[in-house]
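Down below is the structure, laid out as structure tokens.
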Amino acid sequence: MSIFINEQEKTFHLTNDKISYIFRVMENKQLEHIYYGSKIAFSDSVSRLVERSFRPVSVVEFDNDLITCLDSIKQEFPSSGGGDFREAAIDVTFENGSHILELEYNSYKTAKGKTKLPGMPATFANQDECETLTIFMKDELSGLEVELNYTIFNTLPVITRLVRLHNNGDENITIERLLSASVDIPDQKYDVIHLSGLWGRERHFYRSPAEPGVKAVYSTRGASSHHHNPFIALAHPEATENHGNVYSMNLVYSGNFLAQVDVDNYYVNRLMIGIHPNRFQWKLKPHGEFYSPEAVLVFSDKGLNGMSHAYHDLYNNHLINPKWAHKARPVVMNNWEGTYLDFTEDKIISIAETASELGVELFVLDDGWFGKRDLDNSSLGDWYVNKEKLPNGIDGLAKKINDLGMEFGLWFEPEMSNSDSHIMKEHPEWIIGTPGRFRKPARFQYVLDYGNPEVVEHIFEMMDDILSNANISYVKWDMNRNISEAYSAYLDSESQGELMHRYILGVYTLYDKLLERHPNLLIESCASGGGRFDPGMLYYAPQIWTSDDSDAIERLKIQYGTSMVYPVSSIGAHVSAVPNHQVGRITPLDTRANVAFFGVFGYELDPNKLTEEEMQEIKEQIKYYKRNRELLLFGEFTRLASPFEENETMWMVKTKDKEQAIVAWFQVLSIPNDGYRRVRVPGLDPSALYKIEENGLQYTGSELENIGIVLTAPIRGELGFDDTAIMNKRDFDSKIFTLRKVK
Ligand code: DGJ
């Protein structure tokens with residue numbers, strides 16, 4: 001049992017062998033947060049843990065009790081304007097213009113397992129894997145009912161939270177703000193961590209001291225965005241990759257979000273996450289209900305790696321489609337950087353022939369196969385084949401690719417249109433844009449109104465037609481612009497504040513419909529690279545194109561940051577040509593592959609431009625990946641040295657039974673007359689002996705942990721080395737060490 005309840009005191013304690021989370025009903029029937037962190041032994045009463053103090057100049061709950069000021073009581077689900085002046089989790093407006101909520105505890109329910117969240121992606125688990133507590137609260141005057149749902153996973157330091165609102169009154173209630181989770185973490189100065197960036201450098205790692213005031217990351221762009229990820233963490237200032245306390249939240253949602261910490265002047269840190277309230281307004285009619293997206297809360301007392309292990313485990317086992325979650329993914333050749341839009345069937349076939357010779361398993365035809373798409377200013381939304389480029393149609397091309405022994409995948413950008421398209425000419429009302437205002441283009445394109453079910457149905461039918469008439473096993477679902485001038489011709493004037501949320505619900509509906517009709521489809525999500533890399537997408541698309549920046553050195557930071565939350569099995573990573581198309585850098589072919597191995601691996605180049613020597617090297621790379629992909633994709637991934645701090649980056653994967661590991665070392669610049677270099681490998685069996693496949697050397701687990709693999713070793717002759725080092729003297733050098741336990 002993982003939920004303990006003291007009926008008398010009305011105290012709730014969610015716990016497993018890693019974490020505890022405690023709250024209670026206080027005198028005014030609101031919920032008070034008591035504790036969140038490392039597991040503490042269950043004790044029946046928590047009244048002695050309640051903290052109160054007289055706070056001058058504060059609003060109090062009871063006339064005769066000066067210590068009951070909500071502004072300094074840790075709240076479980078704070079509302080706005082009633083004496084707690086910090087950031088709220090919920091805010092509504094009633095028909096008389098008032099907004100005060102008095103949410104009082106009513107009852108609770110516990111159940112094994114967790115129920116499906118209607119219309120939205122969420123984690124899932126069996127009855128014996130988690131337990132759910134639902135707290136029922138009510139605002140008596142208005143009839144608004146609030147359900148707080150908490151699911152604790154039995155073996156992970158994870159609690160998921162979501163909120164359901166139900167209007168049990170007879171007036172409309174406008175939801176102005178509804179966050180999925182809020183936790184007040186007291187008495188300690190923390191560092192705030194987030195993943196932020198831009199196109200081409202997504203999810204870089206940021207850490208800074210949290211100070212009084214609000215630190216927020218967010219998106220108001222209609223997608224979770226390149227700019228910030230729906231993730232935030234508070235780390236003890238001394239917490240490192242492997243030690244110390246970290247509290248974190250991640251939102252299973254792909255649209256506008258807000259993730260923030262509001263540090264009050266007593267150093268209570270209110271950590272919160274949910275749909276961004278900006279331009280969000282949802283009319284809850286009598287008997288109407290509204291669900292928030294799900295928030296995932298991970299607490300780690302083992303630093304950032306401990307946090308990441310929990311997210312990776314959770315997402316690989318309880319979020320990603322089980323059909324793919326543990327399945328080796330095919331090695332891909334994508335033609336985008338090889339041809340861009342300029343291709344014919346012959347050109348594609350000749351690339352595919354070489355790809356097949358190299359050992360590639362799946363060929364993906366990217367943008368440019370439909371309508372009159374010769375430039376990127378035309379045809380989005382016209383999902384029928386361009387017969388000038390592909391005279392045998394998609395079906396004919398897919399057959400030829402299949403005949404070469406590869407599966408076939410196809411690119412779509414289902415949410416978009418160009419002005420030069422049939423869809424936009426025939427249905428101008430299907431495009432998002434404000435009447436009388438200039439509708440701004442981005443990459444010559446406009447966003448379809450997925451808040452309108454007719455639009456979703458229309459696109460579904462077009463895509464279904466293509467997918468049903470050719471042997472397509474993979475779809476790359478792209479999305480290349482954000483939403484501006486948000487306004488829907490489908491919604492009435494009072495419902496315009498619903499558009500951004502309805503839009504993303506429409507995207508989820510299309511994913512659901514496509515997967516229901518084509519359950520074996522493997523979908524790669526993409527948004528100009530990593531502009532929508534979030535758990536919501538991961539629920540439908542087991543892998544996500546991490547960034548349009550395919551340069552190996554840039555990827556060190558991008559993949560390192562992404563790995564904070566997302567498993568290797570979700571990180572699309574391809575080897576591309578040099579000079580790199582995004583940054584012009586020339587990196588060695590082995591380093592390009594060594595970085596991409598720690599992801600869903602593939603190539604994104606014209607293989608017909610490779611030299612014979614490069615072809616041989618790539619054949620070996622593909623063989624290596626195929627031999628080791630289960631370990632690379634699903635092994636426990638641990639970061640060892642950060643590209644944000646060092647010239648060197650190191651990371652590793654290992655099997656849980658410690659039988660095998662792959663360790664990677666990368667350097668940016670070569671340093672003349674540098675110090676000795678080693679790669680320390682933690683967490684293997686200390687007394688066992690491990691052999692390195694690449695050089696035959698053997699180390700014990702304790703040597704690996706404490707001394708490390710020596711990179712500057714005086715190895716000569718007998719092992720085939722004629723240099724004094726395993727490292728090469730070159731910029732952008734890298735090494736992979738494949739370790740297997742020999743005894
Ligand atoms: C952006 C994607 O990130 C690229 O990989 C490619 O698919 C292009 N769009 C195609 O337009």
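The values are calculated or read from the model by the stated rules, or taken from the named source; none is laboratory data. Given the structure is predicted, the values throughout are model-derived calculations rather than measurements. Note: ideal-geometry Cβ built from the backbone for every residue, glycine included; neighbour counts use all protein chains shown.
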Q: Select the strands (runs of 3 or more DSSP E) contained entirely in segment 199-240, then report the ones holding at least 2 residues which are over 29 Å from residue 484 (Cβ atoms) and assigned by TED's automatic domain parsing to the domain that holds residue 266.
A: 201-209, 231-235
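Filter segment 19-31 down to the residues that are farther than 15 Å from residue 150 by Cβ and either within 30 Å of the chain's Cα centre (by Cα) or buried (at least 21 other Cβ atoms within 10 Å of the Cβ) (or both) and list them by number. Lay out the reasoning, then the answer.
Quick first cut of segment 19-31, residues farther than 15 Å from residue 150 by Cβ only: 26-30.
30, the sole residue that qualifies.
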Q. Going by the structure shown, is residue 428 over 21 Å from residue 545 (Cα atoms) and in contact (Cβ under 8 Å) with a residue 12 or more places away in the chain?
A. no
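Among the residues of segment 91-118, which ones are of a type in the set (Ser, Thr, Tyr), without any contact (Cβ under 8 Å) to a residue 24 or more places away in the chain and closer than 27 Å to residue 13 by Cβ? Spell out how you get there, then give the answer.
The first filter runs over segment 91-118 and keeps only residues of a type in the set (Ser, Thr, Tyr), leaving 93, 98, 105, 107-108, 110, 115.
Narrowing further to those that are without any contact (Cβ under 8 Å) to a residue 24 or more places away in the chain: 98, 115.
115, the sole residue that qualifies.
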Q. Hey, any hits in segment 516-533 for a residue that's surrounded by 24 or more Cβ atoms within 10 Å (Cβ to Cβ) and assigned to a helix (DSSP H, G or I)?
A. no
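Yes/no matrix, rows are residues, columns are (1) under 30 Å from residue 535 (Cα atoms); (2) surrounded by fewer than 20 Cβ atoms within 10 Å (Cβ to Cβ):
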site: 311; (1), (2): yes, no
site: 315; (1), (2): yes, no
site: 321; (1), (2): yes, yes
site: 325; (1), (2): yes, yes
site: 334; (1), (2): yes, no
site: 342; (1), (2): no, yes
site: 349; (1), (2): no, yes
site: 364; (1), (2): yes, no
site: 390; (1), (2): no, no
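Would you call residue 482 within 16 Å of the ligand (Cβ to nearest atom) and in contact (Cβ under 8 Å) with a residue 60 or more places away in the chain? Spell out how you get there, then give the answer.
Details: within 16 Å of the ligand (Cβ to nearest atom): yes; in contact (Cβ under 8 Å) with a residue 60 or more places away in the chain: yes.
Yes.
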Q: Would you mention how many residues in segment 367-382 are surrounded by fewer than 23 Cβ atoms within 10 Å (Cβ to Cβ) and hydrophobic (A, V, I, L, M, F, W, C)?
A: 1
Q) Which one of 592, 585, 555 is more than 13 Å from the ligand (Cβ to nearest atom) and surrounded by fewer than 22 Cβ atoms within 10 Å (Cβ to Cβ)? A) 585
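Here are 45, 53: which of them is of a type outside the set (A, V, I, L, M) and either within 21 Å of residue 263 (Cα to Cα) or in the same structural domain as residue 103 (by TED's automatic domain parsing) (or both)? Don't jump to the end; show me each part of the working.
Values: 45 fails: either within 21 Å of residue 263 (Cα to Cα) or in the same structural domain as residue 103 (by TED's automatic domain parsing) (or both).
After applying the criteria, what remains is 53.
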Q: Exactly one condition in (1) aromatic (Phe, Trp, Tyr); (2) more than 24 Å from residue 283 (Cβ to Cβ); (3) surrounded by 19 or more Cβ atoms within 10 Å (Cβ to Cβ) is not met by residue 77; state its number.
A: (2)
Q. Looking at segment 352-386, which of the residues that are within 16 Å of the ligand (Cβ to nearest atom) and not in a loop (DSSP other than H, G, I, E, B) is nearest to residue 524 (Cα to Cα)?
A. 364
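Could you list all residues from segment 665-679 that are among the hydrophobic types (A, V, I, L, M, F, W, C) and buried (at least 23 other Cβ atoms within 10 Å of the Cβ)? Write out each step before concluding.
Residues of segment 665-679 among the hydrophobic types (A, V, I, L, M, F, W, C): 665-666, 668-669, 671, 679.
Residues satisfying the conditions are 665, 666.
Being in the same structural domain as residue 524 (by TED's automatic domain parsing) and within 23 Å of residue 468 (Cβ to Cβ) narrows it down to one residue among 376, 366; which is it?
Details: 376 fails: within 23 Å of residue 468 (Cβ to Cβ).
Of the residues listed, the single one that is in the same structural domain as residue 524 (by TED's automatic domain parsing) and within 23 Å of residue 468 (Cβ to Cβ) is 366.
Tell me the residue from 636, 604, 630 that is crowded, with 23+ Cβ neighbours inside 10 Å, of a type in the set (Asp, Glu) and touching a residue at least 40 places away in the same chain (Cβ under 8 Å), please.
Sole residue among the options that is crowded, with 23+ Cβ neighbours inside 10 Å, of a type in the set (Asp, Glu) and touching a residue at least 40 places away in the same chain (Cβ under 8 Å): 604.
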Q | Residues satisfying the stated conditions in segment 475-500, i.e. aliphatic (A, V, I, L, M), crowded, with 23+ Cβ neighbours inside 10 Å and closer than 18 Å to residue 283 by Cβ | A | 499, 500
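Regarding residue 136, is this residue under 17 Å from residue 295 (Cα atoms) and at pLDDT 95 or above?
Values: under 17 Å from residue 295 (Cα atoms): no; at pLDDT 95 or above: yes.
Taking the combined requirement at face value, the residue does not satisfy it.
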